Amino acid sequence: MSAAYNPYATAQKQFDDVADMIQLEPAVREFLRQPMREYHFTIPVRMDNGEVRVFKGFRVQHNDARGPAKGGIRFHPHETIDTVRALAMWMTWKCSVVDIPLGGAKGGIVCDPHHLSEREQERLCRGWVRQMAKNLGPFLDVPAPDVMSNAQHMLWIMDEYETISGGKYPGVITGKPVGMGGSLGRTEATGFGVIYTLREALRELGITPSTTTAAIQGFGNVGQYAAKMYQQLGGTITAVSCWDHNDQKAYTFYNKNGVDAEALAGITSVYGDIDKEKAQDLGYEILPGEAWLEQAVDILIPAALENQITGANAGNISKQVKVIAEGANGPTTPEADQVLKEREIFVIPDFLANAGGVTCSYFEQVQSNMNYYWEKEEILEKLDTKMTNAFLAVSSLAREKNLYMRDAAYVIAINRVAEAVKKRGWV
Ligand code: NAD
């Protein structure tokens with residue numbers, strides 16, 4: 001990530017542009033362009049060697065007018081409060097655009113779990129909860145996994161919360177393991193949801209999925225399941241990019257005959273790093289990290305991190321690209337958006353495309369609060385319906401008002417939240 005890039009500035013610029021467009025009242029605008037609450041804290045952790053290390057933790061609750069705050073906890077060595085603020089704000093718009101009764105939040109711990117033992121990770125998760133317990137709860141703020149955090153982390157967090165609270169509250173967190181309060185379908189939900197919206201976009205553009213090719217950045221939870229569902233629609237992936245934690249740089253794995261998503265997942269670590277040597281044995285060519293963006297394909301799926309399609313590299317996107325389905329949060333900067341708009345590339349914006357995760361988290365929360373769990377088929381069907389309806393609402397507004405898809409999604413999302421804060425009499 002470039003030092004100058006600030007995701008919070010991006011999130012606020014996107015918000016301001018749409019607030020101008022819909023002429024949002026000044027007080028509502030002031031209220032919504034920043035978080036309602038922020039928690040910054042330190043987490044002392046006794047390491048396996050007996051020493052104590054102090055980690056930095058955050059939780060930002062951007063807005064909870066439409067329901068309990070919801071959003072993941074990201075583990076990243078370069079996590080900053082501004083990243084968390086931006087992600088919390090995007091969560092508010094995401095829950096709103098798919099019309100689920102939740103607000104937006106995000107959390108983070110500045111750490112690299114690659115360099116922590118399992119016990120150290122457990123102590124870190126429990127330490128995060130001890131700082132936050134009073135401000136979390138099934139009807140207050142419900143965290144979830146994000147980059148480099150997983151189902152086991154969620155279970156430790158739930159367990160610590162229940163220990164502190166003296167009761168059983170499986171609805172305090174989502175993304176738990178199946179059988180321990182987790183929902184079937186949650187693992188697949190974000191990636192599958194990206195492709196449900198892509199399927200609808202291709203339908204509107206009159207393109208048959210099985211004739212298309214795609215390149216994906218990121219091969220973690222989102223990238224892997226997006227790849228799987230896209231292949232089920234008959235599409236061909238030619239390139240996948242991911243980060244290499246040993247070399248501290250990204251690579252693109254290219255196969256002109258098409259990537260076998262399942263086989264590639266088989267040689268990928270839990271953190272989404274593909275094994276280079278094994279990939280070469282399977283016939284992949286290894287290209288520089290940015291090569292995924294420059295492929296002559298029909299579809300690009302950024303599914304890694306924010307700030308990946310920028311003013312500096314958007315010009316390198318092939319003329320063949322027709323759709324960008326944003327699996328990651330905030331992958332495209334406002335400067336790059338200008339380039340994509342001019343080129344009339346159909347962008348399915350992040351907080352719409354990747355809302356499958358929070359939608360299924362919402363289903364998990366509902367099931368956990370009832371202590372009654374649904375079948376996977378039922379969940380994926382409900383997920384498809386929610387994603388498809390949200391996509392159709394955004395794309396029809398975009399067509400009707402001749403708006404860029406991101407702006408149309410913002411108009412719907414911001415209007416709903418503005419309505420909620422006004423009806424509650426907050427502003
Ligand atoms: P993950 O940790 O499982 O995977 C991240 C992937 O990105 C890994 O393959 C990693 O190697 C790759 N990556 C990281 N930096 C990269 C770089 N510079 N170049 C190329 N590849 C790089 O994370 P995830 O859960 O799949 O999340 C990916 C994105 O999707 C994030 O922006 C996250 O906030 C967003 N998201 C995730 C969910 C979810 O349910 N997991 C839901 C909504 C949005």
- Each residue of segment 413-427 in order: what ³J(HN,Hα) in whole Hz does its phi give by Karplus 6.51 cos²θ - 1.76 cosθ + 1.60, θ = phi - 60°, with x for Gly and Pro? 5, 5, 4, 5, 5, 4, 4, 5, 5, 6, 4, 6, x, 6, 10
- So what's segment 297-427 giving for Cα Rg divided by 2.2 N^0.38 Å, two decimals? 1.22
- Message: Multiplying the sequence separation of E378 and R33 by 0.36 nm and subtracting their Cα-Cα distance, what value in nm do you get?
- Response: 120.5 nm
- Note on the structure: With Cα springs under 10 Å, the Gaussian network model of the chain assigns the largest mean-square fluctuation among T80, T163, T197 to T163
- Query: What's the extension gain from N316 to Q280 if we count 0.36 nm per residue and subtract their Cα-Cα distance?
  - Reply: 10.4 nm
- What nm value, rounded to one decimal, do you get for the distance between N246 and R46 when each label is placed 7 Å out toward the C-beta? 3.5
- Around I109, what is the net charge, scoring Lys/Arg as +1 and Asp/Glu as -1 over all other residues with Cβ under 11 Å from its Cβ? 0
- Message: Net charge around Q231, counting only other residues with Cβ within less than 14 Å of its Cβ (Lys, Arg = +1; Asp, Glu = -1)?
- Response: -1
- Message: For a quick check, take a GNM of the chain with Cα springs below 10 Å and name the residue from K56, K256, K94 with the largest mean-square fluctuation.
- Response: K256
- Message: Below 8 Å between Cα atoms, with a sequence gap of 6+, how large is the relative contact order for the chain in percent?
- Response: 17
- Task: First measure r as the distance between the Cβ atoms of M21 and K56, then evaluate 1/(1 + (r/R0)^6) with R0 = 56 Å and state the FRET efficiency to the nearest 0.05.
- Result: 0.95
- Value of relative contact order over segment 187-353, rounded to a whole percent, pairs C-alpha under 8 Å and six or more apart: 23
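Got a sec? How would S395, S149, S96 order by Cβ neighbour count within 10 Å, fewest to most?
Starting with the residue having the fewest Cβ neighbours, the order is S395, S149, S96.
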- Message: Taking 10 °C and 1.306 mPa s as the conditions, I'd like the Stokes-Einstein D for the chain in µm²/s, using the Kirkwood hydrodynamic radius from alpha carbon pairs.
- Response: 74
- Message: Please rank T388, T359, T236, fewest neighbouring Cβ atoms within 10 Å first, as an exposure proxy.
- Response: T388, T236, T359
- Message: Out of all DSSP beta bridges in the chain, what portion is antiparallel? Express it as a percent rounded to 5.
- Response: 50
- Note on the structure: The equivalent-ellipsoid semi-axes of segment 187-353, taken as the square roots of five times the Cα gyration tensor eigenvalues and listed largest first in whole Å, are 22, 18, 15
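Using a 10 Å cut-off around each Cβ, can you sort I345, I274, I157 from fewest to most neighbouring Cβ atoms?
Taking fewest neighbouring Cβ atoms as first place, the list is I345, I274, I157.
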- Net +/- balance of residues flanking W374 in space, Cβ distance below 12 Å, scoring K and R +1, D and E -1: -2
- Query: How large is the charge dipole for segment 332-427, taken about the Cα centre, if only the Cβ atoms of Lys, Arg (+1) and Asp, Glu (-1) carry charge, to the nearest 20 debye?
  - Reply: 480
- Item | Gain upon complete extension [I81, N369; 0.36 nm per residue less C-alpha separation] | 100.6 nm
- Note on the structure: Rounded to the nearest 5, the percent of antiparallel DSSP beta bridges in segment 187-353 equals 40
- Taking the Cα centre of the chain as origin and charging only Cβ (+1 Lys, Arg; -1 Asp, Glu), how large is the dipole, in debye to the nearest 20? 1140
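Read-outs throughout are calculated quantities, based only on the coordinates presented, and are distinct from any laboratory measurement. What you are looking at is a predicted structure, and each value in this text was computed from that prediction instead of being measured. Here the Cβ is made from the backbone with ideal geometry for all residues, glycine too, and neighbour counts use every protein chain on show.
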